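The values are calculated or read from the model by the stated rules, or taken from the named source; none is laboratory data. Model, not experiment: these values are computed from the prediction. No Cβ is skipped: glycine too gets one built from the backbone with ideal geometry, and neighbour counts run over all protein chains shown. All accessible areas refer to the heavy atoms of the entire protein, side chains included, with ligands and DNA or RNA removed. Shrake-Rupley method; radii C 1.70, N 1.55, O 1.52, S 1.80 Å.
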Amino acid sequence: MKKLLKTILLLSTTMLLTVHASENKTVKWKLAMSWPKSLTPISTVPLRVSSLVKEMTNGKFIIKVHGKNTHKAPLGILDMVKNNIYEMGNTSSYYYKGQDIATTLLTTAPFGLNNAEQYGWYYYGGGEELTKKVYDKFGIDSYPAGNTGVQMGGWFKKEIKNLNDLQGLKMRIPGLAGEVLSKLGVNVTNIPAGELYTALDRGTIDAAEFVNPGLDIKMGFHKIAPYYYTGWQEPAAEMHFFVNQKAFNKLPQTYKTILKVAMKVATSEMNTAYFNANVEAWKQMKTEFPNIKIKTFPDEVLIAMKKSTDEVIAKYSKDSPLFKEIYKSQQNYLKKAREWTKISEYKYITTSNSLK
Ligand code: CA
């Protein structure tokens, strides 16, 4: 008995020492973002993860964050993390639709889930498992990195009064929404963010979809295009962290936990910061430019957009079983979640507003 106790004691001491030693291991990682460091509060998230991880490991686990101006490959994050050129990335999943169309739905879907509904789906409705299914084949773990909430439908120089007004309209609108509008006669162009203001100002394009006030204000579209349309195309765009699985598996257990906790904290902080950024930016825009008109697309346009969306979804569902599986899972969750959203948030806002 005494011998056994001695062995157990020896074993546990060895284990403690091993854990202790690995906790003190120095690890140096690099993280590549799709954006410049100035694109706050989106870029704040990886920078915050880096500082939290450093602090919680007493400076032993260092994650150096590179903006797009350093690595020059804003849309190449998936490949760089897959090949372990960077251990981590911070990007938008839907940039990689060329590699797998199913990546698009993990960001957002036209007429899909809103912010709260999408997080409900991700954590409790099968989203996390489906995200794993998409990224496992790249040797990548993917985690949420903050959400923009409902994006606006874009800045237009002229009002859209009917479907005919979309014919030949030159517009910057990326992703599935661009495909949807192109089926309705819009001339969809893909102009880099840095050149958008000039393109809209000079009439190279007639309209531009970007994000919502929190980020749109940095672009200055409100100074040159007075019609600001409400959204339909990206009701809850989620950013993502990518982590190379082999690099992650080599981390000491405590560092793994610390990294996951740091990503969750920074993501949650970003969601609040982004809500506030929208509040403040919209207040500033409409104060400085009172001629901005908030518009919602006419019914006939919205109906056509929905029909066109369904066609685009059907096409990709046929091409990719995983796309189909994710879309179905999201739609099933949306169906039940929306019942609650309708009698809670929606009803509360419409009734309390009607009293003013
Ligand atoms: Ca957008």
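I'd like the distance between the alpha-carbon centres of segment 100-153 and segment 194-263, rounded to an integer number of Å.
The two parts, judged by their Cα centres, are 14 Å apart.
Over the chain, calculate the relative contact order: mean separation of alpha carbon pairs under 8 Å at least 6 apart, over the residue count, as a percent. All intermediate terms of the calculation are to be shown ahead of the outcome.
Details: 557 pairs, mean separation 82.6, N = 356.
Normalised by residue count, the contact order of the chain is 23 percent.
How many percent of the accessible area of segment 272-319 is carbon or sulfur, using a 1.4 Å probe? Kindly include the intermediate steps, with their values, before the conclusion.
Details: 1800 of 3090 Å².
With neighbouring chains kept in place, the figure for segment 272-319 is 58 percent.
Per residue, how much accessible area does segment 128-175 show when a 1.4 Å probe rolls over the protein heavy atoms, in square angstrom?
Numbers: 1990 Å² over 48 residues.
Counting only protein heavy atoms, the per-residue value for segment 128-175 is 41 Å².
Taking 0.36 nm per intervening residue step and subtracting the Cα-Cα distance, what contour gain separates residue 320 from residue 54 on full extension? Numbers along the way, then the final one.
Values: separation 266, 0.36 × 266 = 95.76 nm, distance 4.06 nm.
That works out to 91.7 nm of additional length.
Each label point is 7 Å from the Cα along the Cα-to-Cβ direction; what then is the distance between the points at residue 124 and residue 230, in nm?
Here the answer is 2.7 nm between the modelled labels.
Would you mind computing, in nm to one decimal, how far apart the modelled labels at residue 85 and residue 137 are, each placed 7 Å from Cα along Cα→Cβ?
2.2
Just to verify a number: FRET efficiency for residue 283 and residue 355, C-beta to C-beta distance, R0 = 30 Å, to 0.05? Write out the running numbers ahead of the final one.
Working: r = 22 Å, r/R0 = 0.73.
E between residue 283 and residue 355, to the nearest 0.05, is 0.85.
Between residue 303 and residue 158, what is the FRET efficiency for a Förster distance of 22 Å, r being their Cβ-Cβ separation, to the nearest 0.05?
Calculated value: 0.60.
Let me spell out the model: positive unit charges on the Cβ of Lys and Arg, negative unit charges on the Cβ of Asp and Glu, origin at the Cα centre of segment 54-112. What dipole size does that give, in debye rounded to 20? Working shown, then result.
On the way: 7 positive and 4 negative charges, 40 e Å.
Charge dipole, segment 54-112, about its Cα centre: 200 debye, nearest 20.
What number, in nm² with one decimal, is the all-direction average of the projected area of the convex hull of the alpha-carbon atoms of the chain?
The Cα convex hull of the chain, projected and averaged over all directions, gives 22.4 nm².
Against the longest principal axis of the chain, how steep is helix 299-319, in degrees 0 to 90 to the nearest 10, with axes from Cα atoms?
Helix 299-319 sits at roughly 40 degrees to that axis.
List, in the order given, every pair from 54/260; 295/347; 295/356; 97/347; 183/328 whose Cα-Cα distance in the structure shown is over 25 Å. Working shown, then result.
Values: 54/260 13 Å; 295/347 21 Å; 295/356 21 Å; 97/347 36 Å; 183/328 23 Å.
97/347, as the Cα separations exceed 25 Å there.
Filter the trypsin sites (Lys or Arg not before Pro) in segment 41-144 down to the DSSP loop ones having no more than 10 other Cβ atoms within 10 Å, then list what survives.
Numbers: sites: 48, 54, 60, 64, 68, 72, 82, 97, 132, 133, 137; in loops: 60, 72, 97.
Sparse-neighbourhood loop trypsin sites (Lys or Arg not before Pro): 72.
Go through 236, 222, 257 and say which Cα lies farthest out towards the positive end of the charge dipole of the chain; charges sit on Cβ, +1 for Lys and Arg, -1 for Asp and Glu.
Farthest towards the positive end: 257.
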